[in-house]
Amino acid sequence: MTTIKLHNTRTRTKEDFVPISADNVRMYVCGPTVYDRAHLGNARPVVVFDVLYRLLRHVYGADHVTYVRNFTDVDDKINATALARQKAGAEGTLEQLVQERSDETIGWYLHDMGALGALEPNEMPRATEYIPQMIAMIEGLIEKGHAYAAEGHVLFAVDSWKERYGALSGRSVDDMIAGARVEVAPYKKNPMDFVLWKPSSDELPGWDSPWGRGRPGWHIECSAMSYELLGESFDIHGGGNDLMFPHHENEIAQSCCAHPEGEFARVWLHNEMLQVEGKKMSKSLGNFFTVHDLLDQGVPGEVIRFVFLQTHYRKPMDWTEKKAREAEATLRKWRALTAGIEPAASAAPSVITALSDDLNTAGALTELHRLASDGDAAGLLASARVLGLLEPEMGDWADTGSADLSGHAARLADARAEAMQSKDFSEVDRLKSAYVAAGLEVRMSKDGVELVPGAGFDAAKLEGV
Ligand SMILES: [Zn+2]
């Protein structure tokens with residue numbers, strides 16, 4: 001069996017991955033807070049862990065992997081939207097409006113991530129469906145002396161776990177207090193203590209608990225859901241490296257203290273962040289966009305996925321328009337090469353070897369290029385699919401359909417020949433701009449005219465030219 005090597009944040013080394021049980025390899029990934037459309041950076045962990053999920057299924061069998069990714073649907077921004085809608089006259093209780101907003105956002109999320117070729121995880125728990133389990137876990141933490149109730153809140157007592165708190169991110173409690181922007185509150189015994197439960201006002205959704213009507217803190221959600229669905233010890237926990245502290249540190253503290261008989265997660269994987277054209281994506285820089293925005297502009301989901309896979313997950317990834325154009329050209333070539341071909345019985349071993357080396361997706365793509373240049377279409381197809389590329393249901397964008405591109409190219413060539421005689425280039429200019437508007441790249445040389453479908457090519461726009 002193929003040995004997968006993964007870089008474990010916890011040990012800071014690349015290790016051979018040995019699952020607790022090869023019959024059921026278990027992975028938990030922190031999912032989105034569902035208050036709005038996913039931006040491009042939100043999509044990176046989805047694609048990274050989708051590749052890992054596909055690789056695990058390839059090595060251990062599709063029925064022997066359990067992938068859980070949650071939805072955080074307890075959040076002040078969701079509440080704010082629901083409250084605004086209620087004030088604007090929307091019908092229903094606040095709880096119903098909160099649920100409506102979450103349902104809407106989850107629908108968008110699954111659609112957009114599906115467009116990137118991400119398989120749906122086996123389980124997609126919503127935090128609001130696990131409140132009793134969170135309350136039970138918090139009660140257990142209080143009983144064991146790891147948490148305390150104060151003024152309607154319940155807090156995790158970091159001092160009860162001081163030796164191990166901070167081990168994942170490599171910080172000590174004292175360092176954290178010195179350098180952190182911790183929320184100072186009079187009811188905290190230690191400023192680093194974090195919220196497990198907090199009170200809800202009448203304007204906020206809340207659940208009855210031994211500490212009054214309230215709602216859970218964010219960190220306890222993942223601890224409770226991963227325990228419920230994967231048990232006290234499981235194989236892989238993933239997420240963006242922006243979650244390492246405090247979220248993952250707090251998950252570890254909660255889970256290990258609530259279930260000291262277990263190990264919680266053995267291997268921790270963190271992906272680096274995404275930039276756009278060399279800059280951090282931000283609303284103030286005007287380079288902030290969602291996955292939906294890109295899809296709307298005609299950038300195919302498969303192209304976005306390809307660009308993501310070109311960068312190793314532990315390196316910052318830079319989204320550029322140039323990369324997207326090149327990815328589109330490559331995928332069009334590969335799709336043309338593999339059209340009507342049956343995939344080989346198995347993926348090329350070199351592709352699996354690259355992926356097994358801590359998800360070297362860039363190396364795997366290099367191997368795909370090699371298969372393409374060798375003309376091994378069947379091998380290319382089978383191997384690309386392990387990476388979630390060249391799937392039949394993702395290929396509509398590359399289909400030029402009934403568009404007669406060579407006919408249009410001939411027409412432009414004729415118009416140019418005529419214009420050389422008449423010195424009137426207006427028809428040439430008209431055709432050129434119509435083709436560019438349809439998303440075609442117009443290449444004119446003395447040898448002839450070539451029309452190449454580019455980003456956002458739309459065959460319908462050629463009608464009536
Ligand atoms: Zn989490």
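The values are calculated or read from the model by the stated rules, or taken from the named source; none is laboratory data. These numbers come from a predicted model, not from an experiment. Please note: Cβ atoms are built from the backbone with ideal geometry, for glycine as well, and neighbour counts cover all protein chains shown.
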Yes or no: region 436-444 includes at least one residue that is closer than 23 Å to GLU321 by Cβ, outside the structural domain of ASP296 (by TED's automatic domain parsing) and part of a helix (DSSP H, G or I). yes
Just to check your reading of the model, which residue among ALA167, ALA265, ALA253, ALA185 is under 30 Å from THR81 (Cα atoms) and either in the same structural domain as TYR53 (by TED's automatic domain parsing) or within 16 Å of the ligand (Cβ to nearest atom) (or both)? ALA185
Condition first: within 16 Å of the ligand (Cβ to nearest atom), within 19 Å of ILE252 (Cα to Cα) and surrounded by 19 or more Cβ atoms within 10 Å (Cβ to Cβ). Can you find one or more residues in region 48-56 that meet it? no
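Restricting the search to region 62-88, which residues are under 26 Å from the mean Cα position of the chain (by Cα) and away from the ligand (no atom under 16 Å from the Cβ)? Give the derivation first.
Just the residues of region 62-88 that are under 26 Å from the mean Cα position of the chain (by Cα), to begin with: 62-82.
ALA62, ASP63, HIS64, VAL65, THR66, ASP76, LYS77, ILE78, ASN79, ALA80, THR81, ALA82 - these are the residues of region 62-88 that are under 26 Å from the mean Cα position of the chain (by Cα) and away from the ligand (no atom under 16 Å from the Cβ).
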For region 211-224, which residues satisfy the criterion of being part of a loop (DSSP other than H, G, I, E, B) and away from the ligand (no atom under 16 Å from the Cβ)? TRP211, GLY212, ARG213
Confirm whether VAL436 is surrounded by fewer than 17 Cβ atoms within 10 Å (Cβ to Cβ) and either under 25 Å from ASP399 (Cβ atoms) or in contact with a Gly (Cβ under 7 Å, 6 or more places away or on another chain) (or both). yes
Which of the following residues is at pLDDT 90 or above, acidic (Asp, Glu) and within 16 Å of the ligand (Cβ to nearest atom): GLU232, GLU228? GLU228
Selected residue [modelled with pLDDT under 95, more than 16 Å from the ligand (Cβ to nearest atom) and farther than 30 Å from PRO121 by Cα] from ASP202, ASP208: ASP202
Of HIS292, HIS270, HIS248, the only residue that is out of contact with any Lys or Arg (no Cβ under 9 Å at 6 or more places or on another chain) and within 27 Å of GLY107 (Cα to Cα) is HIS248
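This table checks each residue for (1) free of Cβ contacts under 8 Å to residues at least 40 places away in the same chain; (2) under 27 Å from VAL25 (Cβ atoms).
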site: ALA115; (1), (2): no, yes
site: ARG126; (1), (2): no, yes
site: GLU143; (1), (2): yes, no
site: ALA147; (1), (2): no, no
site: PHE156; (1), (2): no, no
site: ASP159; (1), (2): yes, no
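Any idea which of LEU56, LEU52 is more than 20 Å from GLU232 (Cβ to Cβ) and touching a His at 6+ places or on another chain (Cβ under 9 Å)?
The unique qualifying residue is LEU56.
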Only one of ASP414, ASP424, ASP429 is without any contact (Cβ under 8 Å) to a residue 12 or more places away in the chain, acidic (Asp, Glu) and outside any helix (DSSP H, G or I). Can you tell me which? ASP424
Tally, over region 268-278, of residues that are without any contact (Cβ under 8 Å) to a residue 60 or more places away in the chain and either among the hydrophobic types (A, V, I, L, M, F, W, C) or within 13 Å of the ligand (Cβ to nearest atom) (or both): 0
Kindly provide the set of residues from region 143-183 that are in contact with a Leu (Cβ under 9 Å, 6 or more places away or on another chain) and aliphatic (A, V, I, L, M), ordered by number. ALA147, ALA149, VAL154, LEU155, ALA157
